[in-house]
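K.L.:
Supplied in structure tokens, the structure appears directly below.
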Amino acid sequence: MTARPLIHRSPIPGLGISAGITITLLSLVVLLPIGALLLKGALAGPERLWTEVNTPRIWAALWLSFRLSFLAALFNLIFGVTLAWVLVRYRFAGRRLIDAAVDLPFALPTAVAGIALTALYAPNGAFGVMARDLGIKIAYTPLGIFIALVFVGLPFVVRTVQPVIDEIEREVEEASATLGASRAHTLRHVILPMLMPAALTGFALSLARAVGEYGSVIFIAGNLPLKTEIAPLLIVIKLEEFNYDGATAIGIAMLIISFAMLFAINLIQVWSRRRIGYV
């Protein structure tokens, strides 16, 4: 009879060491800053934080930031999935160029992106002149902020969905068509359920990037209080005024709202995975 080993080895070599390193780095990079923010808020007290955040200017900035971030992420979800499908399933002239251009917001510094967007959409810019002739003002309005958030968030959806589309075999669509399903039925009941988890992940990443975006927005926003002023800019203003309690209050408010939105997205993602048979 063979004796059972006293030490059960993990099938993954170095699992204990790698897990320890991962948890340590996660704590230093993610948990420690959040913990410091919450500790600063606890030291200030809830009454002080509420006094700092409960002003029309801050509520307007929070509403503008999260509303436009959600709308931009929703636009990126629809347009990004469509663009990823076109890039994977079709072959046409310039496809590789478009595929490479998708990564441009990743490589471009946010300040440079903001200056470029402002130059294009300003009243005397290339696209701003055409919009002005139509009676539309883009720069220094919420519409300009929306365009900037779409620009920085689109690659997250495209690059998240592309590998999933690449793995969907054409035989699945052909089998659905053979069974008498229309294209709309195949899209709704076959393709979209398989894309939903990845699409929601891209949506969450795009939303998170848009909520905290600063560099590409401040140039095109105009930063008008109660109109085009975003919440991250108010945090910088509070820090420059040495009002650390005010900056902490805005940061905690953004943290709570962001956590609630991402938690809801994760619940929808879990539901979509279970619906198509993934655990």
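K.L.:
How about LYS238: which aspartates and glutamates have a C-alpha closer than 15 Å to its C-alpha, ignoring those fewer than 8 places off in the same chain?
P.N.:
Cα-Cα hits under 15 Å: GLU52, GLU229.
K.L.:
Another question, then. Just to be sure I follow: if Rg is taken over the C-alpha atoms of the chain and Rh is the Kirkwood radius over the same atoms, what is Rg/Rh?
P.N.:
That ratio is 1.06, to two decimals.
K.L.:
With helices defined as uninterrupted DSSP H runs, which ones in the chain have an alpha carbon span along their own long axis of at least 30 Å and mean Kyte-Doolittle hydropathy of at least 0.0?
P.N.:
Numbers: long enough: 56-89 (49 Å, 1.42); 142-167 (38 Å, 1.50); 244-275 (46 Å, 0.99).
Helices meeting the criterion: 56-89, 142-167, 244-275.
K.L.:
Straight-line reach from LYS137: which lysines fall under 17 Å, measuring Cα to Cα and dropping same-chain residues less than 8 apart?
P.N.:
LYS227
K.L.:
Could you give the nm distance between label points at ALA100 and ARG159, where each point is 7 Å from its Cα heading toward the beta carbon?
P.N.:
It works out to 1.6 nm between the two label points.
K.L.:
Which chymotrypsin sites (Phe, Trp or Tyr not before Pro) in the stretch 91-133 sit in a loop by DSSP (not H, G, I, E or B) and have at most 14 other Cβ atoms within 10 Å of their own Cβ?
P.N.:
The qualifying sites are PHE92.
K.L.:
Fewest Cβ neighbours within 10 Å first, please rank ILE147, ILE191 accordingly.
P.N.:
Values: ILE147 22, ILE191 18.
In order of increasing Cβ crowding within 10 Å: ILE191, ILE147.
K.L.:
Computed over the Cα atoms of the stretch 116-269, what is the ratio Rg over Rh, Rh following Kirkwood?
P.N.:
Rounded to two decimals, Rg over Rh is 1.12.
K.L.:
Using per-residue counts of other Cβ atoms within 10 Å, averaged over each peptide, order 158-165, 252-259 from highest down.
P.N.:
Top to bottom by mean Cβ count within 10 Å: 158-165, 252-259.
K.L.:
Please order SER206, SER176 by the number of other Cβ within 10 Å, starting at the fewest. Walk me through the numbers on the way to the answer.
P.N.:
Details: SER206 29, SER176 18.
Lowest count first: SER176, SER206.
K.L.:
Using the Cα centre of the chain as origin and beta-carbon charges of +1 (Lys, Arg) and -1 (Asp, Glu), tell me which of PHE66, LEU77, VAL190 is placed farthest towards the positive end of the dipole.
P.N.:
Comparing the listed Cα positions along the dipole, VAL190 ranks first.
K.L.:
Might you report the magnitude of the Cβ-based charge dipole of the chain about its Cα centre, with Lys and Arg at +1 and Asp and Glu at -1, to the nearest 20 debye?
P.N.:
Using only the charged Cβ atoms, the result is roughly 460 debye.
K.L.:
Which trypsin sites (Lys or Arg not before Pro) from the stretch 164-260 combine a DSSP loop assignment with at most 15 other Cβ atoms within 10 Å?
P.N.:
Of the trypsin sites (Lys or Arg not before Pro), the ones in loops of the stretch 164-260 whose Cβ has at most 15 other Cβ atoms within 10 Å are LYS227.
K.L.:
I need the trypsin sites (Lys or Arg not before Pro) found in the stretch 51-115, filtered to DSSP loop residues with at most 12 other beta carbons within 10 Å of theirs. Could the numbers behind the result be given before it?
P.N.:
Details: sites: ARG57, ARG67, ARG89, ARG91, ARG95, ARG96; in loops: ARG91.
Counting only loop positions with at most 12 other Cβ atoms within 10 Å, the trypsin sites (Lys or Arg not before Pro) in the stretch 51-115 are ARG91.
K.L.:
Within the chain, which is the longest segment that contains none of the GluC sites (Glu not before Pro) sitting in a DSSP loop with at most 13 other Cβ atoms within 10 Å?
P.N.:
Here the longest segment lacking exposed loop sites spans 1-168.
K.L.:
Taking the alpha-carbon centroid of each part, what is the distance from the stretch 175-241 to the stretch 255-272 in angstrom?
P.N.:
Going from one Cα centre to the other spans 13 Å.
K.L.:
Along the charge dipole of the chain, Cβ charges K/R +1 and D/E -1, which of PRO225, TRP271, PRO123 sits furthest on the positive end?
P.N.:
Value: TRP271.
Throughout, read-outs are computed from the coordinates displayed, never taken from laboratory work. All values derive from a computational prediction rather than experimental measurement. Cβ atoms come from the backbone with ideal geometry, glycine included; neighbour counts cover every protein chain shown.
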